[in-house]
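The values are calculated or read from the model by the stated rules, or taken from the named source; none is laboratory data. Source: prediction; values computed, not measured. Cβ sites come from the backbone with ideal geometry, for glycine too, and all protein chains shown count toward neighbours. Ligands, DNA and RNA are stripped out before the accessible areas are found, and what is left, the full protein with its side chains, is counted by its heavy atoms. Shrake-Rupley method; radii C 1.70, N 1.55, O 1.52, S 1.80 Å.
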Amino acid sequence: MDYIGLDSGSTTTKGVLFADGQLQAKYLVPTAGNPRGAIETVLTHLKADAGDTDYRLITTGYGRKLVEADLVITEITCHGKGAEYLHPGVQYVIDIGGQDCKTISLNGQGNVLDFNMNDRCAAGTGRFVEVMMGTLGEQIQVLDNFVADATPVKINSMCTVFAESEVISLISKGEAREDIALGTLEAIAKRISGQYAKLRPKHGETVLFTGGLSQSQAFSKVLSEHVGAPVDTNPLSQFAGAIGAAQIGMKKLN
Amino acid sequence: MELRTELPEVFADFSEARKQGFLAVKDLKEKGQPVVGVYCTFMPEELVLAGGAVQISLCSTSDETIGDAEEDLPRNLCPLIKASYGFAKMDKCPYFYFSDLVVGETTCDGKTKMYEYMQEFKPTYLMQLPHTRDLEGGKQFWRSEMIRFKEKLENFFGVEITEDKIREAIQLKNRERQAKQDFYRLGQLNPPALSGSEIFQVMYGSQYKFDKAEVIDMLETTTAKVKAEYAAGKRLDSKPRILVTGSPIGGATEKVIRAIEENGGVVVAYENCTVAKAVERLVDENEPDVYQALTDKYMNIGCACISNNNPRKELLSTMIDDYQVDGVVDMVLQNCTPFSVESLQIKRFLNEEKHIPYMYLETDYSTADIEQINTRVTAFLEMLEA
Ligand code: SF4
Ligand code: SF4
């Protein structure tokens, strides 16, 4: 039996295939305003990989109810299990997605003990960084190089719309663009560390950082300074939700 | 009225009580019955009853008039305050319309200040609630407020409120509380006999039936019937058992109850106003000083507007044990400072002393956040089942 874990997020749709308990294949496509289409694209690929083997589908993420699945689980639970797969024994997770941010505490076996979710406000999500980089005329992909030697400028606005006008006025004041970019990373890390503190985490305990923004080394560093703890990332961290879904399926549907 | 006996019909009858109550109160008015409108469970209904008036809860639980309220009040104010004011100002609450006197209370700052505007278009009386229960002076002051309110009722309605009448009203209200308790404590049955929505419908609806003897009778009959059916083997599936606490719940915020029950949980208990918060403790019928008896009762309602709030923790603690609760959902209205600030204390108490999972859930009267609520609540239920 194969297990397909599918994470339908607001910005990207991710899917993984587990065969014989091993991660066999993974796909990530932009959701691009068409979650159903993105799910189908990912599923077509993964079904091809499964070949003739029978499979079970477990869905998670905000579009989790859009396809018929064998099991539907929320992204919180899946991120917990996915984090455990990527970093066995980890107790804290920060997941910054395109349009939300989750902070989770775990029991050391991937089971959720407490969680917080910000899905109401773009500040504190990947979207915030994307908008600010856009305003600065840069692609988010070059973020790390762009801020490599920068000194952060203070950004005061927490709302994405107001922060954007603040960035524009900083540009017109002649502040270096890379300093402004690093400033926005500081601003969002500050906000997220506030949300993280609500978990009342043990001081200095390692945090697994997942989601699209965890690709950025520069941001991980800023985040680590703000939460006052080592922040770990993983090349597969964007797949944490999908992996968790497949893991739960393997346990529950067996 | 035709007598309805099947349980689903009985529940429907309770849930329509608010609408039917509009006509009932109109009838009462036409018969010359004085009516007092209130918003909060701190109001000593015993005094109103002793004065020969009927006390009713005014509309404050839908977003229908929030836009109108925001013309006068700040946007970032608790929806309950805005709705209360909006319904009153737009004259969209028939209960408000038929109230001879509206009685408010100095619970939270937003509400207290809102009444200053309400006074402009309606006879509004304010009871001054002390914000501490730790000082003897606070209790004495609350007792003097009981007497001042009694005198206000006497003057306003031209009646005399004797201690005997108050004593009689205390007994009647206690009987009603007892009947309510007997009903909502059916939530203690495990596996459950009733869904949380059914329990809530009955409790919410019972506020809008004005003949106390009739309410008591209906509640007792319903309780007996549920017990009989349960004994005969009728029960619901076992699911994670949730207790709801926090700001007042009802109307628009029943979406939280639905989210819990549609995603695999069952609400077995409500600590909020409308259910246990103000009903749980009876007034001491043996206390010779009726005002003292009322003071003791109404000083100990576990509302976040008063410090300390040990009564809330004590009630939560007993309820968690009695109802075999698996998890607690603290529903807090957006911009409700008292309950949002108090939430950390409640979380600490539940996690550290009761060792029970807790979730904070902030919401308002809109439907915009239903999907977010579903996700959070489902994640919480998954956490309980893991
Ligand atoms: S929560 Fe407090 S202020 Fe609000 S209705 Fe209940 S007792 Fe009154
Ligand atoms: S819900 Fe909170 S803010 Fe609103 S009236 Fe009640 S105590 Fe005040």
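Some observations on this one:
- Residue under evaluation B:Thr253, criteria (1) open to solvent by less than 10 Å² (accessible area, probe 1.4 Å); (2) more than 16 Å from ligand 1 (Cβ to nearest atom); (3) polar (S, T, N, Q), criterion not met: (2)
- Selection over the stretch B:239-250 of residues that are within 12 Å of ligand 1 (Cβ to nearest atom) and out of contact with any Pro (no Cβ under 9 Å at 6 or more places or on another chain) gives a count of 5.
- Applying the condition of being open to solvent by 10 Å² or more (accessible area, probe 1.4 Å) and more than 12 Å from every other protein chain (Cβ to nearest Cβ) to the stretch A:96-112 and asking which residue is nearest to A:Thr210 (Cα to Cα) yields A:Gly97.
- Across the stretch B:97-116, the qualifying residues are those that are within 16 Å of ligand 1 (Cβ to nearest atom) and aliphatic (A, V, I, L, M), and the one among them that is nearest to B:Phe339 (Cα to Cα) is B:Met114.
- Selection of the stretch B:256-297 for residues being surrounded by fewer than 22 Cβ atoms within 10 Å (Cβ to Cβ) and among the hydroxyl-bearing types (Ser, Thr, Tyr) yields B:Thr274, B:Tyr291.
- Residue in the stretch A:45-58 that is at pLDDT 95 or above and within 14 Å of chain B (Cβ to nearest Cβ) present: yes
- Every test in (1) closer than 30 Å to B:Gly327 by Cβ; (2) of a type outside the set (Phe, Trp, Tyr); (3) touching a Pro at 6+ places or on another chain (Cβ under 8 Å) is passed by A:Leu182 save one, and that test is (1).
- Residues in the stretch B:345-364 that are more than 16 Å from ligand 2 (Cβ to nearest atom) and either open to solvent by 80 Å² or more (accessible area, probe 1.4 Å) or in a helix (DSSP H, G or I) (or both): B:Lys347, B:Arg348, B:Phe349, B:Leu350, B:Asn351, B:Glu352, B:Glu353, B:His355.
- In the stretch B:78-96, the residues that are more than 14 Å from ligand 1 (Cβ to nearest atom) and touching a residue at least 24 places away in the same chain (Cβ under 8 Å): B:Tyr85, B:Phe87, B:Ala88, B:Lys89, B:Met90, B:Lys92, B:Cys93, B:Pro94, B:Tyr95, B:Phe96
- In the set (1) within 18 Å of the chain's Cα centre (by Cα); (2) away from ligand 1 (no atom under 16 Å from the Cβ), B:Gln33 fails one condition alone, (1).
- Any chance B:Phe380 is crowded, with 19+ Cβ neighbours inside 10 Å, more than 14 Å from chain A (Cβ to nearest Cβ) and in a helix (DSSP H, G or I): no
- A:Val72 meets all of the listed conditions (1) open to solvent by 10 Å² or more (accessible area, probe 1.4 Å); (2) over 23 Å from A:Asp119 (Cβ atoms); (3) modelled with pLDDT of 95 or more but one, namely (2).
- A single member of B:Glu261, B:Glu176, B:Glu214, B:Glu220 is modelled with pLDDT under 95, more than 14 Å from every other protein chain (Cβ to nearest Cβ), in a helix (DSSP H, G or I) and more than 16 Å from ligand 2 (Cβ to nearest atom), and it is B:Glu214.
- Scope the stretch A:15-42; condition surrounded by 15 or more Cβ atoms within 10 Å (Cβ to Cβ), among the small types (Gly, Ala, Ser) and outside any helix (DSSP H, G or I); matching residues: A:Gly15, A:Ala19, A:Ala25
- Only residues that are open to solvent by less than 10 Å² (accessible area, probe 1.4 Å) and within 16 Å of ligand 1 (Cβ to nearest atom) were counted in the stretch B:59-77, giving 1.
- Applying the set (1) crowded, with 24+ Cβ neighbours inside 10 Å; (2) more than 14 Å from chain B (Cβ to nearest Cβ); (3) free of Cβ contacts under 8 Å to residues at least 24 places away in the same chain to A:Gly134 leaves exactly one unmet item: (1).
- Any hit, the stretch B:117-130, residues being assigned to a helix (DSSP H, G or I) and within 12 Å of ligand 1 (Cβ to nearest atom): no
- Those residues of the stretch B:286-308 which are touching a helix residue (DSSP H, G or I) at 6+ places or on another chain (Cβ under 6 Å) and not in a helix (DSSP H, G or I), in sequence order: B:Glu287, B:Asn300, B:Ile301, B:Gly302, B:Ala304, B:Cys305
- Residues of the stretch B:365-375 classified as part of a loop (DSSP other than H, G, I, E, B), within 12 Å of another protein chain (Cβ to nearest Cβ) and of a type in the set (Val, Ile, Thr), total: 0
- Condition met for A:Tyr92 (away from chain B (no Cβ under 14 Å), open to solvent by less than 30 Å² (accessible area, probe 1.4 Å) and under 30 Å from A:Arg200 (Cβ atoms)): yes
- Pick from the stretch B:114-166, criterion within 26 Å of the chain's Cα centre (by Cα) and among the small types (Gly, Ala, Ser), ranking: surrounded by the most Cβ atoms within 10 Å (Cβ to Cβ): B:Gly138
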